Structure formats: C-alpha cells, structure tokens
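All remarks here apply to the structure that follows.
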Amino acid sequence: MSIIILGIESSCDDTSASIIKNDTILSNVIAGQKVHEEYGGVVPELASRAHQQNVIPVVDKALKDAGLRPEDVNAVAFTRGPGLMGSLLVGASFAKGFALARRLPLIAVDHLQAHVLANFIQEAGNTKAVPSFPFLCLLVSGGNSQIIEVRSHLDMEIIGHTIDDAAGEAFDKCAKVMGFPYPGGPFIDKYAREGNSEAFEFSKPRI
C-alpha cells in the first residue's frame, strides 16, 4: 500500500511544501522571502507574515505538481522545531487545520533529525544509494553545526557541536560586516575560492 504524505516546512524564511509517496519525492515547492534583503538578515516578525501569505499557494502548487488532490493525501507532516517561533506557528497551524479537516494523522518532525533522514529520500526516476546504520552525519544547517551518531531512523545522538558560532551564522555575520547583500553566504563562498587558503592559520576542531 502506498502512503502519500504532505510535508510542510516553515522553520525560518522559506515556505516549503513537498509531496512524498513512500520514500520518493513527487514534488517540492519553495517560496523565498525577499523582504529581508534590506535588513541584511531574517526579521522574525516579517518572516511569519510572509509565511501566512505563502503557505496556501505553495501547498496548492505542490499538490498540482504531484498530480494529486487534497483528498489523495494520507498524512500531514510539519516542522515542530527548532526554528523561529512565529514561522513555526504558521506551518504548524496550517498542517493541523489541513489534517483536522480531513481526519488525517499529523506528524510533528524535528527539523534537525529531518536533515539527517533526508539522506534516505529518493527522487522519482533517480534512485540513489542510502547510508547503512550506524553512520556519522555532519549536520551544518543555519544555526547548527553538529556531528551526529545515527544508529537508526529514530535513534540519534549528538556527539559533537560547535561551542561558538555555527557555520551558517559565521557566514551571515561575515557577509554583513563586509557589506555583501543578503543572503551573503554565496558571496562568501565565491570569493573564498579565489583567495589564499594559506593566508591564516586556524585552530584544529576537536571533539
């Protein structure tokens, strides 16, 4: 029996909706938010308002791209955290309303665990190898830089993490200081490739 899940992600400034059938992605729609560009970073209040505007069109397009109707969905998953409180609330509220109206199971997903488990998702027509348990996962996402021991889909342990700025935070702060437009990460990455990797000596990371 095939299981079709509508996934909703709203932890920061992107409103995302995806349709997954068993372990295969049928559609994935993302709406960004240009409103933050003039501030050089994400403004939480503006992010939550933009999510309210984007969530219905994004879900509608995800269903259409997958060739499905709302009544074809068997369950709804949403990001419960970590993330920006207002942004999370928009995604959670929509997911709860959608599930309640159709009497569907509701699945609350940990944002960081989802990054790890994304390694197991397949794309239609493009089968890839997946890791076998146990394995180590380097998670570098926004405000998080972690090394995680993954024993099973639901058994994970953080065995190391940064004690100062995460990689994403460092990118954003450096970009803002240097006057790059938001998001500044791609500019940092571009110019770093053109620089001298031996110019500075950095301490070695330890666990």
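The values are calculated or read from the model by the stated rules, or taken from the named source; none is laboratory data. Quick caveat, the model's predicted, so the values are computed rather than measured. Reconstructed Cβ throughout: ideal geometry from the backbone, glycine too, with neighbour counts over all protein chains shown.
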Quiz item: Yes or no: Ser152 surrounded by fewer than 15 Cβ atoms within 10 Å (Cβ to Cβ) and small (Gly, Ala, Ser)?
Solution: yes
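Search segment 188-207 for residues being of a type in the set (A, V, I, L, M, F, W, C) and modelled with pLDDT of 85 or more, and hand back the single one that is nearest to Lys176 (Cα to Cα). If you could, list the steps in order and put the result at the bottom.
Of the residues in segment 188-207, the ones of a type in the set (A, V, I, L, M, F, W, C) are 188, 192, 199-200, 202, 207.
Remaining after also requiring modelled with pLDDT of 85 or more: 188, 192, 199-200.
Values: Ile188: 10, Ala192: 15, Ala199: 22, Phe200: 21 Å.
So the residue we want is Ile188.
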Quiz item: Only one of (1) surrounded by fewer than 17 Cβ atoms within 10 Å (Cβ to Cβ); (2) modelled with pLDDT of 95 or more is not met by Met1, so which one is it?
Solution: (2)
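Mind checking which residues of segment 167-207 are more than 22 Å from Val42 (Cα to Cα) and of a type in the set (Val, Ile, Thr)?
At the first step, the residues of segment 167-207 found to be more than 22 Å from Val42 (Cα to Cα) are 191-207.
Ile207 - this is the single residue of segment 167-207 that is more than 22 Å from Val42 (Cα to Cα) and of a type in the set (Val, Ile, Thr).
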Quiz prompt | Filtered residue count, segment 143-170, keeping only those that are of a type outside the set (Gly, Ala, Ser) and either in a helix (DSSP H, G or I) or at positive phi (or both) | solution = 1
Quiz prompt | The listed residue being part of a helix (DSSP H, G or I), touching an Asp or Glu at 6+ places or on another chain (Cβ under 9 Å) and not hydrophobic (A, V, I, L, M, F, W, C), out of Lys190, Lys173 | solution = Lys173
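Has segment 186-206 got at least one residue that is at negative phi and in contact (Cβ under 8 Å) with a residue 40 or more places away in the chain? Quick ask: steps written out before the conclusion?
Step one: filter segment 186-206 for residues at negative phi, giving 186-206.
When the remaining residues are screened for being in contact (Cβ under 8 Å) with a residue 40 or more places away in the chain, the result is none.
Checked against the condition, which is being at negative phi and in contact (Cβ under 8 Å) with a residue 40 or more places away in the chain, segment 186-206 yields no hits at all.
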Quiz item: Of Ser16, Ser27, which residue is within 30 Å of Val177 (Cα to Cα), surrounded by 15 or more Cβ atoms within 10 Å (Cβ to Cβ) and in the same structural domain as Leu112 (by TED's automatic domain parsing)?
Solution: Ser16
